[in-house]
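So the structure is just underneath, and the comments pick up after that.
The values are calculated or read from the model by the stated rules, or taken from the named source; none is laboratory data. Keep in mind that this is a model prediction, so the values were computed, not measured. Note that each Cβ is placed from the backbone with ideal geometry, even for glycine, and that neighbours are counted across all protein chains shown.
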């Protein structure tokens, strides 16, 4: 019901590819603690290219599916945590491509966007800063990284944290503050002025390159590589924000749909106390609750996407969707683990990883509490206007 | 987004009527413990007729709005617990009209449906039976009321409980078991063979006539007043089931939207510890969670309605919606009470009543647990077929 | 384990009295919407006196049981919502007696405390103020009622709300602000200068006299009737606070233990889908969760009581207990209602009333959120000192 | 309040040791995915021995602290996930020592118990079986491993799963079914007839040796190494069951107390939106809820322990405690992660690991649902006897 014929056709191809080709890679030893190796990612992408499902949400003419259509496709790509990597629908690249598609000029697109769309490069978005520095986390106004103009270049200094995929990325988008306000810069990576201090050991493990802490030390960027205008950085971040939030919801919903399939199959087969687990209401009810939660996630994503498709920034709607979906996915994944008992906490199935990924997702892209805070502000504003 | 122009226009008129004309009746002393008096109901209906919003979901030509359109209208009628009474969109009449519209023959429609659609009569649906008899509650197979053919009549004996609106109803639909299976009969009320033993004192108080326990003692019904065919009663109950469940969701969602308006206004005005309540995250977050829950309820109702509109019985989908919506409405109403502190537990606002009504709704039309039980069965069936 | 022999003996007598003598009164028509009539209360108290269970927590020599002992006794008195009324362990009298026992001088005790301990009079505590005035609710610093000295008298003006039991009370404790700070006064009631504007219609209905809104208009009180010293009112309120909070927890825990008994008996008897409800995990698990919650409530009450018994004010501990117990009781009562299906929302059993009472309890004596707020402050303080 | 002077003194020493000596090991690279290396464990134990805190719950004369005393000590040992390893209070050794102390004969104690108490060896308990075989998980009646007598030996065959610490253990307790019923055998490890097929990759990582799947292939055990009598295996399992469950609760409560310390310190320091996190109610309330949950865990453990100390098996009470505590610990750990935002999902602090461990604990030693199932049975039994 949510989709168009063209999106449905793409989604079906993506699902078939993920189920047949990608899922077997879940047992590949190149899936490491900090995410799969780039070698494996590129190997999967070759197969995706051959199957016609690489970057499937961007059409050959460069146009982007609508957000509702994108949902149909990205949910399916998420049926494996590796699916978005294979299909090039993963974060942060998907959001970075979206941002460049909307803000970059033609030269910038040719140099930085093209290799991303072609799946030949990965990118990183340098915004968040270390808590120990008192830098920008959920509150972007606390940004400490600075940039100053020096002739035809900008010079950037600061530290960043949680920079997903920085290790191995070829394209960087760096955010820093000038006297005008926030600025964004496009950077070729690696660059000796951007030093990876360490890759964080995190509970999730689906992102190649993991999440890095980096030091930016007198990074010189030609003025032509500024994205848009000086001081407009937060405005551009807003453009990226809602679609990127939603695409996270889409991908991880796919993961939880898969977890529910696995847990349901387990519950229908495993016996305990004289009958299959699913016939125990204590188990069957958990699966029923998941069934409802999954449907609600689909509906929230589709609704928020439809708002974006009207041209709205959708800040409020994507906040609502992010909270509702990430919290629901946690409930779903948690119940899938519980239904499977001991097996649920092992890596014998992908359910255990999905649980860990979804735990992190409740914090990534704005913790639940920050979104509720901004929704409460909205309620107050609306009351004043009423 | 969910609706058509015609439904939107009707809904706007209904909302204006409820806000301007119905809400003042909430303080009318004729609102009793067992629901408002019929005198007051008929007085409000006169005004609804004049305003063109009586039975607004059934068009002058007798056709019914689609379920998605109905949602748009019924949610608005529910902005006051009295709204559905005034507009003739309330239970059980709304469901009974739907059933008769689909199953009754023309004579039956003229005699029993017409006065209902015109808002001149109320009706009751005699299905549930007393727990103390071991009769049919959530498990209809336990039905103990029997009917046997006697010449050109049927004779019915049994006891029923939770018969909403029986006191004061003019039309009855009585369910009983024959050797063929379940049967339904149309009955003019009052009838001396249907004796109201007592009206239950329940936590809710929106239904005129309350919920009665009745004894049926050798009730004789002409065979022409059997609804449909003998033994097909459960099939007809299925026809009524999903739309009636959904319309409950619609009306009480309207109630909770109102509660949220009241609680938000309170929180924006009332000060504590140096600032308005809404600026305390402990309060603002509750309202934000309600904002999300309300949206999810709208989406679930719209989705389940769209399934019914395809011609499906929608049993699974309406179960999912009933669970999700009734549990969400409880959360919403509970938080509205809590936000308002002491005022929240008083009848100074309608929030207190909405809380009580919604508590009952988690049980009426099938408790949450019965729906989860049937959803778990569905999961098992789907697994077998996969 | 929690108690002494003497307390256990008293508690056993109280329980026998409540079960045999008080519970039959639950169906007495004198139980009204604003609580039972005083006539019925005094009738029950005669029987309590005869049974030796009147004011059982205060010994004949005027000494008070320890708080841990009190818990043992008050929980049992709460097995019926009428039990505390019959035994004179109810709010606000129990807290008022405690306060007078600690702060009043001998003359004041003879005049005001004696009739309360003897169960011949009811009392009211005039602290909370109407939200519509911007008066003191959870934030006592917002108190607007004022007192000023006039010769050998004090003159008090203001409005109060939620004054439990004001209607029918013979003893009043009135709080007002002088230039020194908060003051407390003992007042004979009724007094024409204290006018009951209205009794609020609230979701709960166990308190005789209900909860009133009153206007205090030039009330003149002899200086000898000031409780303690001028400006010390909040200090005395602290003395009353923790024991009063805890005794609410005790009484309503008793109520929920009773609800669990009723729901368990129902679930063991009522059949559905081929077996007793209790054999459905969906039902049995709810009762199991209640069993755990009940135990945790007992433990929290006993622990907080033991802190008070050391002589501590127990502000933090009683806040923790109030939140934990009131929220747990809500879960328990809610599940008891749900287990009993349609019967659960009727007044055929006392479960429905207990549900409503417990809903109000989450707000009375400080809403959950206010307690969490003060606990968070405590965490911050402790961190600074560490 | 819960403890004796001697237990308090031991607990204080244990806490000092864990804080000063053990916590630094948390960053030791020998902490692997399948738990810390035995080399590191033995190194820590040397220090524990020197500090007088090795096997602190068993006194030099071989007597065991009471369960309430044990709680005081084990909670403190759990302040680091490594603490129980260092102090020899960890699972499964602690439970195995308890079992041998109660059931083994003197020769068996000398051979198998002594090296455990001295902290020189680790042990494993071979009960659970692989789900893929349809073997015993939560339902022990499904046990498939068999033993048959062959002269003066027993021969055992079967497969086991989730055998914690099997890799590296020197002492094994193997459960198998004879014609008489379940039997237990003491085995020197390693033994070529017990082959470790693989060590499971699980979400938790605190147990040295991890959790293994093993095949037992014609294992021959001298009859003198049978623990107790043939057919009494389940009875002995009961002896071990409740104390082992409770000691898990104790240790992981210690872990969550530590997590709360870390999260509180973070929230008091980290700024966002103009004030420290702890001053945001959205954060402060989470910490307040944890404060309450931690207290409730302590109380439940102490209560269940006191029942065991009366000599009761405490099956019901330890089930109640296991459910209440494990679910509460999950809430606590989850909120600590959330309070710390991005930092919470990294291994920069121990909070992330505690979250993963606690997730597994909701399944280990009987999933929540199995305990609720047995509590519901208890409710039914009690009702029948009432």
- Message: Can you confirm whether residue D:298 is at the interface with chain C (Cβ under 9 Å from one of its Cβ atoms) and touching a residue at least 60 places away in the same chain (Cβ under 8 Å)?
- Response: yes
- Task: State yes or no: is residue A:100 under 19 Å from residue A:250 (Cβ atoms) and modelled with pLDDT of 95 or more?
- Result: no
- Could you please find all residues in the stretch D:67-91 being buried (at least 24 other Cβ atoms within 10 Å of the Cβ), in a loop (DSSP other than H, G, I, E, B) and under 12 Å from the mean Cα position of the chain (by Cα)? D:78, D:81, D:88, D:89, D:90
- Query: Quick one: would you say residue C:114 is out of contact with any helix residue (DSSP H, G or I) (no Cβ under 7 Å at 6 or more places or on another chain), buried (at least 24 other Cβ atoms within 10 Å of the Cβ) and either under 30 Å from residue C:52 (Cα atoms) or in contact (Cβ under 8 Å) with a residue 40 or more places away in the chain (or both)?
  - Reply: no
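Can you tell me which residues in the stretch B:340-371 are within 14 Å of chain A (Cβ to nearest Cβ), at pLDDT 95 or above and surrounded by fewer than 23 Cβ atoms within 10 Å (Cβ to Cβ)? Steps first, answer last, please.
Here is the first cut: in the stretch B:340-371, the ones within 14 Å of chain A (Cβ to nearest Cβ) are B:366-371.
Filter again for at pLDDT 95 or above, leaving B:367-371.
B:368, B:370 - these are the residues of the stretch B:340-371 that are within 14 Å of chain A (Cβ to nearest Cβ), at pLDDT 95 or above and surrounded by fewer than 23 Cβ atoms within 10 Å (Cβ to Cβ).
Could you list, in sequence order, all residues of the stretch B:112-122 that are part of a helix (DSSP H, G or I) and closer than 16 Å to residue B:187 by Cα?
B:112, B:113, B:114, B:115, B:116
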- Filtering the stretch A:95-111 down to residues that are assigned to a helix (DSSP H, G or I) and under 15 Å from residue A:58 (Cβ atoms) yields A:95, A:96, A:97, A:98, A:99, A:100, A:101, A:102, A:109
- Task: Go through the stretch B:131-166 and give me each residue that's at pLDDT 95 or above, under 21 Å from the mean Cα position of the chain (by Cα) and outside any strand (DSSP E or B).
- Result: B:165, B:166
- In the stretch D:9-42, what residues are touching a strand residue (DSSP E or B) at 6+ places or on another chain (Cβ under 9 Å), surrounded by fewer than 16 Cβ atoms within 10 Å (Cβ to Cβ) and closer than 24 Å to residue D:261 by Cα? D:28
- Message: Condition check: in a helix (DSSP H, G or I), more than 14 Å from chain B (Cβ to nearest Cβ) and closer than 29 Å to residue C:265 by Cα. Does residue C:316 satisfy that?
- Response: no
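Yes/no per residue for (1) buried (at least 22 other Cβ atoms within 10 Å of the Cβ); (2) in the same structural domain as residue B:172 (by TED's automatic domain parsing); (3) without any contact (Cβ under 8 Å) to a residue 12 or more places away in the chain:
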{"residue": "B:192", "(1), (2), (3)": "no, yes, yes"}
{"residue": "B:195", "(1), (2), (3)": "no, yes, no"}
{"residue": "B:206", "(1), (2), (3)": "yes, yes, no"}
{"residue": "B:209", "(1), (2), (3)": "yes, yes, no"}
{"residue": "B:214", "(1), (2), (3)": "yes, yes, no"}
{"residue": "B:220", "(1), (2), (3)": "no, yes, no"}
{"residue": "B:225", "(1), (2), (3)": "no, yes, no"}
- Could you tell me whether residue C:201 is assigned by TED's automatic domain parsing to the domain that holds residue C:137, under 22 Å from the mean Cα position of the chain (by Cα) and touching a residue at least 60 places away in the same chain (Cβ under 8 Å)? yes
- Message: Let me confirm something: among B:343, B:310, which residue is touching a residue at least 24 places away in the same chain (Cβ under 8 Å) and either out of contact with any strand residue (DSSP E or B) (no Cβ under 7 Å at 6 or more places or on another chain) or within 20 Å of residue C:361 (Cα to Cα) (or both)?
- Response: B:343
- Please work out if residue B:301 is surrounded by fewer than 24 Cβ atoms within 10 Å (Cβ to Cβ) and either assigned to a helix (DSSP H, G or I) or outside the structural domain of residue B:343 (by TED's automatic domain parsing) (or both). no
- Please note which helices (runs of 4 or more DSSP H) are completely contained in the stretch C:336-386 and include at least 2 residues that are within 15 Å of residue B:201 (Cβ to Cβ). C:341-344, C:351-361
- Just one listed residue, out of B:6, B:45, is in contact with a helix residue (DSSP H, G or I) (Cβ under 9 Å, 6 or more places away or on another chain), part of a helix (DSSP H, G or I) and surrounded by fewer than 16 Cβ atoms within 10 Å (Cβ to Cβ), and it is B:6
- Item | Conditions (1) in contact (Cβ under 8 Å) with a residue 60 or more places away in the chain; (2) crowded, with 16+ Cβ neighbours inside 10 Å: number failed by residue C:178 | (1)
